[in-house]
Amino acid sequence: MCTGGCARCLGGTLIPLALFGFLANILLFFPGGKVIDDNDHLSQEIWFFGGILGNGVLMIFPALVFLGLKNNDCCGCCGNQGCGKRFAMFTSTIFAVVGFLGAGYSFIISAVSINKGPKCLMANSTWGYPFHDGDYLNDEALWNKCQQPLNVVPWNLTLFSILLVVGGIQMVLCAIQVVNGLLGTLCGDCQCCGCCGGDGPV
């Protein structure tokens, strides 16, 4: 596959993943599917906006850049049939690094939150974090330590797990585009054959 076509494929995959991560982060503001009375009762990691910023905003721009590469003009530099395309591929590499960092940000926040567990109302009538070092992951009986909001443990665990997986996939895809972009920068794109009157590939 040509480097431009590969980038377009990656971009088309990143868009729904970004929207999925964005939605998962929004749902975290409604623990157990309900509106909470006091925002201080939400887990701290929710306010880091890992899904909204990392999986979402910082991923949308790279994805759009990747989608536009296949239609990029490969003759953009004074008739040099490969210059414009090579520059576009180099730019995509920079955006891929930005996307990788954004996905990594969300991945780390999600991993920390899963290990820490949700903030909830405990038996002593105070709000806090009753779990330690992910102990609740292997012992569902410990979930009873959270009295309110109802079902907050599976809710947070599911959504942060989604963000973790989405972030991991996005990191892999952005890493692929870094390699793809560097190849396109050094070798050109196979679709630049015969461009601007040229007879051979870039």
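The values are calculated or read from the model by the stated rules, or taken from the named source; none is laboratory data. Only a predicted model underlies this, so the values are computations on that prediction, with no experimental measurement involved. Glycine gets a Cβ as well: all are built from the backbone with ideal geometry, and neighbour counts include every protein chain shown. These area figures cover heavy atoms from the full protein model, side chains too; ligands, DNA and RNA do not enter into them. Shrake-Rupley method; radii C 1.70, N 1.55, O 1.52, S 1.80 Å.
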Point to revise | Index of the failed condition, Lys70 passing every other in (1) modelled with pLDDT of 90 or more; (2) open to solvent by 70 Å² or more (accessible area, probe 1.4 Å); (3) within 24 Å of Val172 (Cβ to Cβ); (4) of a type outside the set (A, V, I, L, M, F, W, C) | key: (1)
Check your understanding: Which one is farthest from Leu67 (Cα to Cα), of the residues in the range 145-181 that are among the polar types (S, T, N, Q) and part of a helix (DSSP H, G or I)?
Key -> Asn156
Check your understanding: Conditions: (1) within 20 Å of the chain's Cα centre (by Cα); (2) under 30 Å from Cys146 (Cβ atoms); (3) modelled with pLDDT under 90. Ala111 meets all but one. Number of the miss?
Key -> (3)
Practice item. With the checklist (1) open to solvent by 80 Å² or more (accessible area, probe 1.4 Å); (2) at pLDDT 95 or above; (3) not small (Gly, Ala, Ser) in hand, flag the one item Leu186 doesn't pass. Key: (2)
Review point. How many of the residues in the range 105-114 are more than 12 Å from Gly21 (Cα to Cα) and open to solvent by 10 Å² or more (accessible area, probe 1.4 Å)?
Key: 6
**Study point:** Residue check for Phe29: in a loop (DSSP other than H, G, I, E, B), modelled with pLDDT of 90 or more and out of contact with any Asp or Glu (no Cβ under 7 Å at 6 or more places or on another chain)
**Key:** yes
Practice item. Give just the number: which of (1) open to solvent by less than 40 Å² (accessible area, probe 1.4 Å); (2) more than 28 Å from Asn55 (Cα to Cα) does Thr126 not satisfy? Key: (1)
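The rows are residues; the columns are (1) within 17 Å of His41 (Cα to Cα); (2) out of contact with any His (no Cβ under 9 Å at 6 or more places or on another chain); (3) among the aliphatic types (A, V, I, L, M).
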| site | (1), (2), (3) |
| --- | --- |
| Thr93 | no, yes, no |
| Ala96 | no, yes, yes |
| Tyr105 | no, yes, no |
| His132 | no, yes, no |
| Val152 | yes, yes, yes |
| Asn156 | yes, yes, no |
Exercise for review: Could you pull out the residue among Ser125, Ser106, Ser92 that is at pLDDT 95 or above and among the polar types (S, T, N, Q)?
Suggested key: Ser106
Check your understanding: What are the residue pairs meeting all of these: first residue in the range 24-48, first residue at positive phi, second residue outside any loop (DSSP other than H, G, I, E, B) and open to solvent by 40 Å² or more (accessible area, probe 1.4 Å), Cβ atoms under 6 Å, and 6 or more apart or on different chains?
Key -> Gly32/Trp155
Check your understanding: Which condition number does Gly82 fail, the rest of (1) under 30 Å from Gly181 (Cβ atoms); (2) modelled with pLDDT under 95; (3) open to solvent by 10 Å² or more (accessible area, probe 1.4 Å); (4) not polar (S, T, N, Q) being met?
Key -> (3)
Review point. From the residues in the range 21-47 that are under 14 Å from the mean Cα position of the chain (by Cα) and open to solvent by 80 Å² or more (accessible area, probe 1.4 Å), which one is nearest to Asn151 (Cα to Cα)?
Key: Leu23
Review point. Filtering the range 1-15 down to residues that are modelled with pLDDT of 90 or more and touching a helix residue (DSSP H, G or I) at 6+ places or on another chain (Cβ under 8 Å), which residue is farthest from Leu182 (Cα to Cα)?
Key: Ile15
Practice item. Select from the range 131-143 the residues that are surrounded by 11 or more Cβ atoms within 10 Å (Cβ to Cβ) and in a helix (DSSP H, G or I) and list them in ascending order. Key: Asp135, Tyr136, Leu137, Leu142, Trp143
